[in-house]
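Below you'll find the structure, written out as C-alpha cells, and then a few comments.
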Amino acid sequence: MSYGYFDDTKREYCIQRPDTPYPWINYLGSQDFFGLFSNTAGGYCFYRDARLLRLTRYRYNNAPADAGGRYFYINDNGDVWNPSWQPCKTPLDKYECRHGLGYSVITGARAGLSVTHTAFVPVGDTAEIHRLKLHNESSEKKAFSLFSFVEFCLWNAMDDSTNFQRNFSIGEVEVHGSAIYHKTEYRERRNHYAVFAANRENNGFDTDRESFLGLYNGFDKPQAVLEDKSRGSVASGWAPIGSHRFEIALEPGESTSVIFVLGYCENPANQKFEAPDVIRKEPALALLAKYQTDEQVDAALQALRTHWKDLLSRWQLFPGDEDPRMVKVSRMVNIWNQYQCMVTFNMSRSASYFESGIGRGMGFRDSSQDLLGFVHLIPERARERILDIAATQFKDGSAYHQYQPLTKKGNAEVGTGFNDDPLWLIIGTAAYVKETGDWGILDEAVPFDLEEGTEAPLMEHLHRSFGYTATHLGPHGLPLIGRADWNDCLNLNCFSETPGESFQTTANFESGVAESVLIAGIFLYCAPDYIEMCKRRGETEKTAQAEQAVRAMKEAVDNHGWDGGWFLRAYDAYGKKIGSHECEEGQIFIEPQGFMGMAGIGMDDGRAVKALDSVKERLDTDYGIMLQQPAYRTYRLNLGEISTYPPGYKENAGIFCHNNPWVSIAECTAGRGDRAFEVYRKIAPAFLEDIVQLHRTEPYVYSQMIAGRDAARHGEAKNSWLTGTAAWTFVNISQHILGIRPGFDGLIVDPCLPSGVKGYKVERLFRGVRYIITVDNTAGMQKGVKSVTVNGKPVSGEILSDGGDAEVTVVMG
Ligand code: GLC
Ligand code: GLC
C-alpha cells in the first residue's frame with residue numbers, strides 16, 4: 001500500500017492518507033523556535049529548549065497515538081470535522097499533507113468545504129504561523145464555524161507532566177480581542193509569555209480546557225465545538241488553553257483565510273507590566289503586526305523557501321543519466337539527508353516523537369558527530385557549537401556527556417566518564433577547519449566546565465582530548481572504556497542487579513581493566529588530522545608525543561585487538577574478550593570493523609577486507625547490518641544494558657543505522673564500490689518506499705534503529721529523525737561514494753562508485769567558491785582517478801581555486 005510520494009521539484013513529501021503506519025512528522029523552525037508537526041497536525045512547539053521553555057502540551061505514549069497539537073475544527077451545521085483528520089477522525093472527501101523544508105501544508109475537504117492549513121516558523125521570528133484557507137467548492141452558500149485549539153504547557157515540560165499539586169493552581173491568561181496571552185508564572189520569576197492570536201475578530205473564545213472540552217471528553221469531542229458555542233472561559237488554574245471561534249459564510253466558489261500566530265515573547269525584567277498584573281504587550285503586538293495579511297504570510301513563506309534553496313545549493317548532485325538508483329540518491333543527498341542534518345544539528349537527541357524533550361539535551365558525542373553533516377550548510381553555527389561543546393570539557397580532557405541548550409551547562413545527573421566523548425571533539429573540529437580553512441578557531445579561548453578563569457585555546461582542549469585517551473589505557477594498552485564508548489549500552493563496569501539503576505552512571509565493579517577496541521579505532525581515525533593540526537601550528541613536541549601514542553596504539557591493536565577474522569570489540573572487567581569467535585554470544589560487533597577500516601587499519605595486510613567480509617557474512621540482512629551477532633539471550637552482569645534488550649532490538653543485535661555508514665565508508669576506503677553502495681542503499685529511506693508498511697516510520701528520513709533478524713518485527717524502524725545516521729550518511733554519500741571531500745588545503749575528489757554509474761555532476765560551494773565538478777566514469781571503474789583538471793588546467797592533489805567559479809573535470813580510470 002502506498003501512503004504518499006516524493007515530490008522532488010517542490011522538495012516535498014506528499015502524504016495521501018492520514019492513517020500512516022506511524023505519525024509522520026516534520027520540523028518547523030531552524031533556529032531558536034521550533035515546532036514538531038505531524039501529518040495530522042499533532043505535536044508541540046518550544047523556544048530553544050524543549051524541556052525548559054515549552055509553549056504547548058503534548059502527550060507522549062498516548063492512546064490513541066499523537067494526541068495534542070494545533071487543532072482546527074469545523075462545525076458545518078452539526079457536521080464536526082478537522083481538516084487534519086485527527087482528532088475527530090471524521091472521514092474526509094480529500095486529504096493531503098505536504099511536508100516541505102521547514103513548513104507543512106495539510107489540506108482536508110468535506111461536503112464542499114476545502115481547508116488548507118499551512119504551518120511554518122518564519123525565518124528570524126519566534127512563532128509558528130498557522131494559516132487556514134477556506135474555500136467553498138460547492139454550488140451552495142456555506143455558513144459554518146471554525147474553532148482553533150492549542151493547549152498550553154506550563155513552560156517546564158518535566159514539571160508540567162508531574163507536578164500537578166502545584167500546576168493545577170497556577171495557570172493564568174489574559175484575553176484581548178482575538179489575542180490570548182498565556183502568562184503562567186509571569187507574575188513571579190518569568191519574563192516571557194506566549195500569545196495565540198488571529199487576524200480577525202472572533203465570535204467567542206475559551207482559555208480553560210475543561211470549559212472547552214468538557215471534563216470527560218477527549219479532543220475528538222469538544223463540548224464547545226459540538227454545541228457550536230464558545231464559553232468565554234478565562235482560565236484560573238487547571239489547564240489553560242487557547243481557542244477561538246469564528247462564524248464564516250462563503251458564497252459558492254468564495255475563499256477566505258484566517259491567520260493564527262502562536263508566538264513566544266520576552267520583556268526586559270524591569271518592564272514586565274503595563275499596569276499592575278497586566279503584561280506588557282509591545283513585543284507581541286510587534287510580532288502580530290507582521291502577520292496580518294495573506295501577502296505578509298506569503299512573503300514570509302517565500303523567504304523560508306529561499307532560505308532553504310540557498311542552503312541546499314551549497315551541495316547539489318546532478319545525476320548524469322536516468323539510472324533510477326541515482327535519482328533516489330539525489331532525492332536523499334540533495335534534499336532530505338541535508339534537511340535531516342539540520343534537524344539533528346538543532347535538536348541533538350532532545351525532541352522527536354521518540355525523544356520526549358525532557359530526557360536528554362545536547363550530547364557531547366552526538367552533537368560533535370551531527371556537525372559533520374551540517375558544517376557545510378552554516379559553518380558559523382557549527383563554529384559556535386564546537387566552542388559550546390568544548391566548554392563542557394573538564395580540565396583532564398574528559399567531558400560532560402550532555403548539556404542543556406538553554407544554559408549550556410553540563411548535566412550533572414549524567415556526568416562524565418564516557419571515554420569516547422573527548423575524541424569526537426577532535427573529529428568535529430577537524431571537519432570544521434577542513435570545510436572553512438578557519439584555523440583561527442583553534443586559538444579561541446574556551447573555558448573548562450564553563451569555569452571563569454580557566455580559558456585555554458581550543459587547540460589546548462584538543463590536546464587534552466587526545467591526551468585523555470592516550471593516558472587512560474588498560475592492561476592490553478587499549479583505551480579504558482569507562483561507563484561506555486559510542487555504544488551507550490556496553491557498560492562494562494556497571495554490574496547492576498538493582499532495577500531502575502542507570503546503566504550509564506552506575507559503577508559497582510570498577511576493576512580498572514575494561515577496555516574498548518572501538519575507542520582505539522576512533523583514536524587512530526582522528527589521529528592523522530590531530531597530528532596535522534599540531535604540525536601546522538608548529539607544535540613539535542605535541543606532534544612527537546602524538547606520533548608515539550599512535551605507534552603504541554597500533555601495536556596494541558595488532559597484538560590484542562584482532563580476532564583472526566575481525567576486530568575484537570572489547571575486554572570486560574575481568575579482562576575477558578568481547579566480540580570474539582571464542583564468545584558464546586556477541587561474537588562479532590559492527591563498530592570496530594567500520595572504524596578500523598575508516599582509519600585504514602589492516603588495509604595493507606588484508607585484515608580490513610577480511611573484517612568487512614565477516615560483517616557481510618555474519619551481520620548483514622535485507623534491511624541493513626546488525627550491530628552484533630549472535631544476540632544476547634540472557635542478562636549478563638558484565639556487559640550491562642546491551643544484554644537487557646530482547647534479541648534483535650536496539651544495541652542487542654538491532655540494525656543500529658548509525659554505524660552502517662561506517663562500514664560503507666570503510667568499503668570505500670577498500671575501494672569496493674558495489675558493496676559500499678549496497679550498504680548505503682539498504683537503509684536509505686528513498687529506497688524503502690515499497691516496504692513502508694513494515695518499516696513504519698517516515699519514508700523521507702533515517703531512523704536510529706531497525707529491528708534485527710532475531711526480533712519478531714524484523715525490518716520495523718523506530719526512533720526516527722534524531723540519529724547520527726543522518727550526518728554519517730551524508731559524509732558517506734557526499735565524501736566517499738560520490739567522493740568529494742574537504743581536506744585541509746582544498747577539495748579532494750576520489751569517488752568510489754557502484755558498477756554502472758557512468759558519471760554525474762556536483763555543485764559544491766566551498767570556502768566561498770562554487771565548484772562545478774563533473775565526474776566522468778565512462779571507464780566503468782569502482783575506484784580510481786586518472787586525471788583532474790580545474791578550469792582546463794591539469795592538477796594533482798587537493799583542489800583550491802583562488803576565486804571565481806571552478807569547473808572541475810574528473811576522469812576515472
Ligand atoms: C544513541 C545515542 C548515541 C549512542 C548510540 C549508541 O543514538 O544518542 O550517543 O552512541 O545510541 O548507543
Ligand atoms: C542510547 C541507546 C539506548 C540507551 C541510552 C541510554 O540512546 O540507544 O539504548 O538506553 O543510550 O542513555
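The values are calculated or read from the model by the stated rules, or taken from the named source; none is laboratory data. Since this is a predicted model, take the numbers as computed values, not measurements. Glycine gets a Cβ as well: all are built from the backbone with ideal geometry, and neighbour counts include every protein chain shown. The accessibility values were calculated without ligands, DNA or RNA, using every heavy atom of the protein model including side chains. Shrake-Rupley method; radii C 1.70, N 1.55, O 1.52, S 1.80 Å.
Put simply, of Asp310, Asp321 the only residue that is at pLDDT below 95 and at negative phi is Asp321. For segment 32-100, give me every one of the strands (runs of 3 or more DSSP E) that falls completely inside it and has 2 or more residues that are without any contact (Cβ under 8 Å) to a residue 60 or more places away in the chain. By residue number, 79-81. Selection of segment 124-159 for residues being among the small types (Gly, Ala, Ser) and either free of Cβ contacts under 8 Å to residues at least 24 places away in the same chain or open to solvent by 40 Å² or more (accessible area, probe 1.4 Å) (or both) yields Gly124, Ser139, Ala143. When the residues of segment 166-184 are filtered to those that are part of a loop (DSSP other than H, G, I, E, B) and open to solvent by less than 20 Å² (accessible area, probe 1.4 Å), the one that is farthest from Gly263 (Cα to Cα) is Gly171. Might you let me know whether segment 288-297 holds any residue that is charged (D, E, K, R) and either touching a residue at least 24 places away in the same chain (Cβ under 8 Å) or within 30 Å of Gln223 (Cβ to Cβ) (or both)? Yes, because at least one residue in segment 288-297 is charged (D, E, K, R) and either touching a residue at least 24 places away in the same chain (Cβ under 8 Å) or within 30 Å of Gln223 (Cβ to Cβ) (or both).
Could you look through segment 690-708, keep only residues that are more than 16 Å from ligand 2 (Cβ to nearest atom) and touching a helix residue (DSSP H, G or I) at 6+ places or on another chain (Cβ under 9 Å), and pick out the one that is nearest to Glu12 (Cα to Cα)? That would be Tyr700.
Within segment 475-497, restricting attention to residues that are over 11 Å from Ala570 (Cα atoms) and more than 13 Å from ligand 1 (Cβ to nearest atom), the residue that is surrounded by the most Cβ atoms within 10 Å (Cβ to Cβ) is Cys494. Total residues in segment 428-467 satisfying the condition of being within 25 Å of Gly561 (Cβ to Cβ), touching a Ser or Thr at 6+ places or on another chain (Cβ under 7 Å) and open to solvent by 20 Å² or more (accessible area, probe 1.4 Å): the figure is 0.
Of the residues making up segment 266-283, just one is open to solvent by less than 10 Å² (accessible area, probe 1.4 Å) and under 30 Å from Gly214 (Cα atoms), namely Ile279. Note on segment 661-701: among residues that are out of contact with any Gly (no Cβ under 9 Å at 6 or more places or on another chain) and within 16 Å of ligand 1 (Cβ to nearest atom), the one that is farthest from Ile737 (Cα to Cα) is Thr697. Any chance segment 418-438 includes a residue that's under 29 Å from Val557 (Cβ atoms), within 16 Å of ligand 1 (Cβ to nearest atom), assigned to a loop (DSSP other than H, G, I, E, B) and in contact with an Asp or Glu (Cβ under 8 Å, 6 or more places away or on another chain)? Scanning segment 418-438 turns up at least one residue that is under 29 Å from Val557 (Cβ atoms), within 16 Å of ligand 1 (Cβ to nearest atom), assigned to a loop (DSSP other than H, G, I, E, B) and in contact with an Asp or Glu (Cβ under 8 Å, 6 or more places away or on another chain). When Lys761, Lys718 are checked against the criterion of being touching a residue at least 12 places away in the same chain (Cβ under 8 Å), away from ligand 2 (no atom under 16 Å from the Cβ), assigned to a strand (DSSP E or B) and open to solvent by 30 Å² or more (accessible area, probe 1.4 Å), Lys761 stands alone in meeting it. Taken over segment 41-90, residues that are over 22 Å from Phe260 (Cβ atoms) and among the acidic types (Asp, Glu) amount to 2. Evaluated against (1) surrounded by fewer than 23 Cβ atoms within 10 Å (Cβ to Cβ); (2) among the basic types (Lys, Arg); (3) closer than 27 Å to Gly410 by Cα, Lys328 falls short on exactly one condition, (3).
Mind checking which residues of segment 453-474 are hydroxyl-bearing (Ser, Thr, Tyr) and over 30 Å from the mean Cα position of the chain (by Cα)? Those that are hydroxyl-bearing (Ser, Thr, Tyr) and over 30 Å from the mean Cα position of the chain (by Cα): Thr454, Thr471. Summed over segment 625-673, the residues that are of a type outside the set (A, V, I, L, M, F, W, C) and part of a strand (DSSP E or B) give a count of 2.
Does segment 511-524 contain at least one residue that is modelled with pLDDT under 95 and away from ligand 1 (no atom under 16 Å from the Cβ)? Yes, that holds for at least one residue. When both residues are 6+ apart or on different chains and their Cβ atoms are under 9 Å apart, which pairs have a first residue that lies in segment 355-370 and is over 19 Å from Ile386 (Cβ atoms), and a second that is assigned to a helix (DSSP H, G or I) and within 12 Å of ligand 2 (Cβ to nearest atom)? Sorted first by the residue in segment 355-370, then by its partner, the pairs are Arg360/Asp366.
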